Amino acid sequence: MTEGNFVDYVKMHVSSGKGGGGSAHLRREKFVTKGGPDGGDGGRGGHIILRTNPNLWTLLHLKFKRHIRAGHGSNGSKQTSTGADGEDIYVDVPLGTVIRDTETQEIIRELTELDEEFIIAKGGLGGLGNAHFKTATNQTPRYAQPGMDGVEVNVTLELKVLADVGLVGFPNAGKSTLLSVITAAKPKIANYEFTTLKPNLGIVQYRDFQTFVIADIPGIIEGAAEGKGLGHRFLRHIERNSTLLFMIPADAPDVAEQYHVLFNELEKYNPELLDKDKLIAITKCDMLDAELKAELKKELDKSLEVPYLFISSVAQQGLVELKDKLWAMLNKPESND
Ligand SMILES: Nc1nc2c(ncn2[C@@H]2O[C@H](COP(=O)(O)OP(=O)(O)OP(=O)(O)O)[C@@H](O)[C@H]2O)c(=O)[nH]1
Ligand SMILES: [Mg+2]
């Protein structure tokens, strides 16, 4: 996935189909003079249905779909034949899609399960044909119900990526590089800040054909929660990850300090983020010799309250341990406290 293709926000206007009208037909046959009412019911208007598709990772396919309309129900007709239902329209979305009412911004629904479906606009009911209205006193009703109108809704779809692990770090910490070595993703990597402008996702193949998904998001700086740097827009993509991997380069002037800055930004954005499992990766460890590493370790054992490990994506050090640790964190039995 290239970055331009990562679309996590679309607005659209959806309208369901109108129900078909009931028929007011009176039966007429050659030797039957007063055949009575035989008008059939109108068909239901088509629904607009959102459904999750696990093969989709973004909302790109909906970027240019401003209007989505379902089909109208057909009218009922003679011989009590019911009109055909209008065509339902299915809109596939990735898991983790949040549906909001564009006007009120209220959340209508979040789609997070496999094969989840939600009717966002119900088709109008078809009208009843006159055959329903025959009574003892009115043997030939000449009226039938019209179909009900469909509904129109303006909705905003917003994606909150459903990855297992979210990478959190300052720009240039080596997040994208890690993604590129432990997954098949090919994110842009460069020695300047804010190389990554949109999230990247990668799937880690773990041991016996197990997999987990990692989300690499743009770098976070102090003040991100107030909009500095790329702001907090992308933090929503780590809201649903069960584990956060903080990444801090070994050559940072103060590793613990960087961790606390990141921690504070997440807390300002959404304190619930901090309830997640956390692990710190000290990156670019190929730059440390054994002595420096031992020194840093001593310091970190005192100053960090979260488990950490040393890695180097470039020299492929510590990556197996990292995957093992992440896998164990993701698969630990639920605690009941
Ligand atoms: N020596 C060394 N350099 C690394 C390592 N990992 C990444 N780098 C370098 O660090 C720089 C930044 O790497 P990126 O992966 O683009 O960093 P990022 O965290 O994704 O940065 P942003 O996208 O800007 O937030 C690049 O020049 C990488 O080559 C490593 O393990 N060792
Ligand atoms: Mg990057």
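The values are calculated or read from the model by the stated rules, or taken from the named source; none is laboratory data. The model shown is predicted, which means the values in this text are computed figures rather than measured ones. Every residue, glycine as well, gets a Cβ built from its backbone with ideal geometry; the counts of neighbours run over all protein chains shown. For the accessible areas, the whole protein counts, side chains as well, though only heavy atoms, and no ligand, DNA or RNA atoms are used. Shrake-Rupley method; radii C 1.70, N 1.55, O 1.52, S 1.80 Å.
Using only the alpha carbon atoms of the stretch 104-221, find the Kirkwood hydrodynamic radius as the inverse mean reciprocal pair distance, in angstroms to one decimal.
19.5 Å
How long are the semi-axes of the equivalent ellipsoid of the chain, defined as square roots of 5 times the Cα gyration tensor eigenvalues? Whole Å, largest first.
After diagonalising the Cα gyration tensor, the semi-axes are 60, 17, 16 Å.
In the stretch 225-337, if the dipole is taken from +1 on Lys/Arg beta carbons and -1 on Asp/Glu beta carbons about the Cα centre, which of 320, 256, 235 is farthest to the positive end?
Final value for the positive-end residue is 235.
Do any GluC sites (Glu not before Pro) in the stretch 99-149 lie in a loop, going by DSSP, with at most 12 other beta-carbon atoms within 10 Å of their beta carbon, and if so which?
103, 106, 113
Determine the percent antiparallel among the DSSP beta bridges restricted to the chain, to the nearest 5.
55 percent
Any idea of the accessible area per residue across the chain, 1.4 Å probe, to the nearest Å²?
51 Å²
Per residue Cα convex hull volume for the stretch 206-304, in cubic angstrom?
Spelled out: Cα convex hull of the stretch 206-304, divided by residues, is 128 Å³.
Calculated from DSSP H runs of 4 or more alone, at -39500 (n - 2.57) each and per residue, what is the 222 nm mean residue ellipticity of the chain, nearest 500?
Helix-only estimate at 222 nm: -4500 deg cm²/dmol.
How long, wide and thick is the stretch 164-246, going by the Cα atoms along their three principal axes, in whole angstroms, largest first?
43, 27, 17
Are there GluC sites (Glu not before Pro) in the stretch 196-265 that DSSP marks as loop and that have at most 11 other Cβ atoms within 10 Å, and which are they?
Filter output for the stretch 196-265: empty list.
If you put +1 on each Lys and Arg Cβ and -1 on each Asp and Glu Cβ, how big is the dipole of the stretch 274-323 around its Cα centre, in Debye rounded to 20?
Using only the charged Cβ atoms, the result is roughly 120 debye.
How big is the dipole moment of the stretch 147-204 about its Cα centre under a simple scheme where the beta carbon of each Lys and Arg is +1, that of each Asp and Glu is -1, and everything else is neutral? Debye, nearest 20, please.
The dipole magnitude comes to about 440 debye.
Whole-Å semi-axes of the stretch 59-171's equivalent ellipsoid, largest first, each the root of 5 times a Cα gyration tensor eigenvalue?
Over the Cα atoms of the stretch 59-171, the semi-axes work out to 44, 13, 12 Å.
Which order do you get for 206, 143 if you rank them by accessible area with a 1.4 Å probe, largest at the top?
Final ranking, largest accessible area leading: 143, 206.
For the stretch 73-232, which whole-number percentage of the solvent-accessible area (1.4 Å probe, protein heavy atoms only) is attributable to carbon and sulfur atoms?
49 percent
Here are some pairs, 276/297; 122/186; 160/297; 30/134; 65/160; which of them have Cα atoms lying more than 31 Å apart in this structure?
Beyond 31 Å between Cα atoms: 122/186; 160/297.
Which residue, 208, 41, 251, tops the fluctuation ranking in a GNM of the chain built on C-alpha contacts under 10 Å?
Of 208, 41, 251, the most mobile in the Gaussian network model is 208.
Any idea what the dipole of the chain comes to, in debye rounded to 20, about its Cα centre with Lys/Arg Cβ at +1 and Asp/Glu Cβ at -1?
Value, rounded to 20: 2160 debye.
Taking +1 at the Cβ of each Lys and Arg and -1 at the Cβ of each Asp and Glu, which of 271, 153, 74 sits farthest along the dipole of the chain towards its positive end, judged by Cα position relative to the Cα centre?
74
Where is the GNM fluctuation largest for the chain (alpha-carbon springs, 10 angstrom cutoff): 34, 278, 11?
34
Relative contact order (percent) for the stretch 13-69, with alpha-carbon contacts under 8 angstrom and 6 or more residues of separation?
Dividing the mean separation by the residue count of the stretch 13-69 yields 43 percent.
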